């Protein structure tokens, strides 16, 4: 095991290499630029290719091309670039091309604040493209070390499910320096629960079975298998067809291959102080969860029965984690409230769900502890000017 | 050398997609045959070529026609996909892209320019039906000046990539393409010879091939779906390079040939990766 004091971007690069990624195409954007830079340094050393694209749309399409040629590929960006992935993301979903996409959230909309953390793409990662009729898989780490783990995991899931998998981070995790351990052999990878799935080649002639099966090898071109892939509704052989029934079969596969095999990744969550039916459950993901965990520990020491639920697997949304009849507080790095809507939907009917939103910075311990206390005492929450959104 | 279409079809194309579902009288099949015949004359097999297409008439009608491996990209992005694929494919595999004018010169022009810049080994056949015909017939970036289309009912009056002395080839040459040519689909065997050269260039090649669309373009501009009229109209407005007349829109022939003069993209990428691995520098 090698230890480094390095950034999340470094950890993601090393994770990708461990997972077998040998192709990265990207477009410089704060705060994912350092990831592209790290890839440009490290990939050639490992026999891999780094390419800079003319825009994010081209970057992800180039990754699709490399993946279709049999390589494990990855791209990374922030919100304004993620929106340009809309086109290729849909194509990769439809053609079932394994890829990994990293989105390091900053403050939006549009260019917004480039060097500050935000969580404005919670829903965008669920619906990254047009048309619907698909599920996405999204993993959200909260540390540099976990960035590495989730990158490895994303590559693993991308291969097994034949689809793009998104890692949703934020500026603080990708730019921040932390203690990072990089495994040096298979044994150490196993110790860290890193799973790797090799690229396989579909031999055809049926490339798109209308079933929810996983572990079907993806389409790889150049092996004279007669492989076909396109942006149209595919027949099982990959021919384009304009027929609702065929499309329904295809959509069934895109939705249910994920829904029916969630057990493969639904263990990616973290609970703290949750074993004694807490009066208040604080829900978060990514960087704010680190302050939430500290605040919940402090609240416990003050006698408040508060627990913390951190989501790592964001999509498909883990409804099963929200069975407790309790009060909930959702803490997010945005002012409009995104995760909170999903929590409101998932909790038992008579649960009260509150929201604490801050963007561009982390919530303070004071903000969190005051809010916990108010909710437990049934005191009303209110907005503090433009600074803090609470309801 | 003349080939029967049936021989080419049985050797190279999938019976499920040939004949295509193109409109009656569509000229795309002529372009398609020119490309397949060039492949045959070069002695290439099904396994030697990965066939990519775009969307629109040219993309959809040629997708999955090739017996070997094939793909259709999102609108205008196939040149970016092809660059990624080029890196991953063995160098001896040929990458042929049959695309439309809207795809290459409209939505995909940025990606096309960057494919030319990088000199990635691919042969792009731009099948130009003079506008957006699969959506019913709107003007595009090579629609001749003054043409009436569904979105230019008074005549197409904007500056265009193929009018007033402008030629899209200038852009591509400036960007670094190493083989550029133009033929109309009636050029037949002359076009076959050109496409052969395009395929043999280990770098970025593009052949621009205007073809007749009787259904939409001709019905609006010429007021007739009679295919003879549009075939004659295109032929009359084409002339070999150097023999252009006043009303020539398309100067045909090899426009620029710098085949194998610049290092090819994927070769350069892999050579560089190899050098960095061995020496730590380039």
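Mind ordering A:328-339, B:270-281, B:222-233 by average Cβ neighbours within 10 Å, highest first?
A:328-339, B:222-233, B:270-281
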Please give the contour-minus-distance gain from residue B:224 to residue B:189: 0.36 nm per residue of separation, less the Cα-Cα distance, rounded to one decimal in nm. 9.8 nm
Over segment B:9-279, the quotient of the Cα radius of gyration and 2.2 N^0.38 Å is 0.97
Rounded to the nearest 5, the percent of antiparallel DSSP beta bridges in segment A:2-191 equals 30 percent
In degrees from 0 to 90, rounded to the nearest 10, what is the angle of the helix A:8-18 Cα long axis to the longest principal axis of chain A? 40 degrees
Let me check against my output: what whole-number percent is the relative contact order of segment A:2-191, with C-alpha pairs under 8 Å and at least 6 apart? 30 percent
For chain A, longest principal axis from Cα atoms; helix A:244-259 axis from its Cα atoms; angle between them, nearest 10 degrees, is 50 degrees
Build a GNM of chain B with springs between Cα atoms under 10 Å: which of B:115, B:191, B:239 gets the top mean-square fluctuation? B:239
Cβ-derived FRET efficiency at R0 25 Å, residue A:177 paired with residue A:276, nearest 0.05: 0.10
Rounded, prolate or oblate: pick one for segment B:27-79, where a ≥ b ≥ c are the square roots of the eigenvalues of its C-alpha gyration tensor, a/c under 1.5 means rounded, and failing that, prolate if a/b is larger than b/c, else oblate. oblate
Distance-filtered residues of segment A:311-327 - backbone nitrogen under 20 Å, label point 7 angstrom along residue A:379 Cα→Cβ: A:327
Would you mind computing, in nm to one decimal, how far apart the modelled labels at residue B:110 and residue A:54 are, each placed 7 Å from Cα along Cα→Cβ? 0.8 nm
Relative contact order (percent) for chain A, with alpha-carbon contacts under 8 angstrom and 6 or more residues of separation? 16 percent
What ranking of A:345, B:202, A:42 emerges when the number of other C-beta atoms within 10 Å of each C-beta is taken as an exposure proxy, fewest first? A:345, A:42, B:202
Theoretical gain in end-to-end length, residue A:252 to residue A:301 [0.36 nm per residue, Cα-Cα removed]: 12.7 nm
What is the antiparallel percent of DSSP beta bridges lying wholly in segment A:270-390, to the nearest 5? 30 percent
Just to be sure I understand the model, the point goes 7 Å from the Cα along the line to the Cβ. What's the resulting residue A:241 to residue A:364 distance in nm? 6.3 nm
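Using the 10 angstrom Cβ neighbour count as an exposure proxy, how do A:255, A:173 rank, fewest first? Let's see the in-between values first.
Working: A:255 16, A:173 28.
Arranged by neighbour count, lowest to highest, A:255, A:173 become A:255, A:173.
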Restricting things to alpha carbons, find the Rg to Rh ratio for segment A:270-390 using the Kirkwood radius for Rh. 0.92
Using helices alone, what [θ] at 222 nm do you get for the protein assembly as shown, with -39,500 (n - 2.57) per DSSP H run of 4 or more residues, divided over all residues and rounded to the nearest 500? -10000 deg cm²/dmol
For B:52-64, mean number of other protein chain Cβ atoms within 10 Å: 3
Starting from the Cα of residue B:282, move 7 Å in the Cα-to-Cβ direction to define the label point; list residues of segment A:13-42 whose amide nitrogen is under 17 Å from there. A:23-28, A:36-42
Once you average over the residues of B:82-95, how many Cβ atoms of partner chains fall within 10 Å of each Cβ? 6
Mind pulling up the Rg/Rh value for segment A:16-129? Radius of gyration and Kirkwood radius, both on Cα. 0.96
Quick one: of the DSSP bridges fully inside the protein assembly as shown, what percent are antiparallel, nearest 5? 30 percent
Specify the angular offset, from 0 to 90 degrees and rounded to the nearest 10, of the alpha carbon long axis of helix B:78-88 from the longest principal axis of the alpha carbons in chain B. 20 degrees
Going by a ≥ b ≥ c, the root eigenvalues of the Cα gyration tensor, does segment B:1-151 fall in the rounded group (a/c under 1.5), the prolate group (a/b larger than b/c) or the oblate group? oblate
Expressed as a whole number, the average count of other chain Cβ atoms within 10 Å around the Cβ atoms of B:110-122 is 2
Stokes-Einstein D in µm²/s, Kirkwood radius over Cα pairs - the protein assembly as shown at 4 °C with 1.567 mPa s viscosity: 48 µm²/s
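Determine the gain in length on full extension of the stretch residue B:10-residue B:258; use 0.36 nm per residue of separation and subtract their C-alpha separation, reporting nm with one decimal.
Stretched fully, the residue B:10-residue B:258 segment lengthens by 85.9 nm.
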For segment A:95-154, what's the relative contact order in percent, using C-alpha pairs closer than 8 Å and at least 6 residues apart? 22 percent
Apply 1/(1 + (r/R0)^6) to the Cβ-Cβ distance of residue B:245 and residue B:151, taking R0 = 25 Å, and write down the FRET efficiency to the nearest 0.05. 0.30
Classify chain A as rounded, prolate or oblate, taking a ≥ b ≥ c as the square roots of the eigenvalues of its Cα gyration tensor: rounded when a/c is under 1.5, otherwise prolate if a/b is larger than b/c and oblate if not. prolate
Final fewest-first order of A:223, A:248, B:111 on the 10 Å Cβ neighbour count is A:248, A:223, B:111
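FYI, it's all coordinate maths here, none of it is from the lab. What you see is a predicted model; the values in this text were computed from it and never measured. Backbone-built Cβ (ideal geometry, glycine too); neighbour counts: all protein chains shown.
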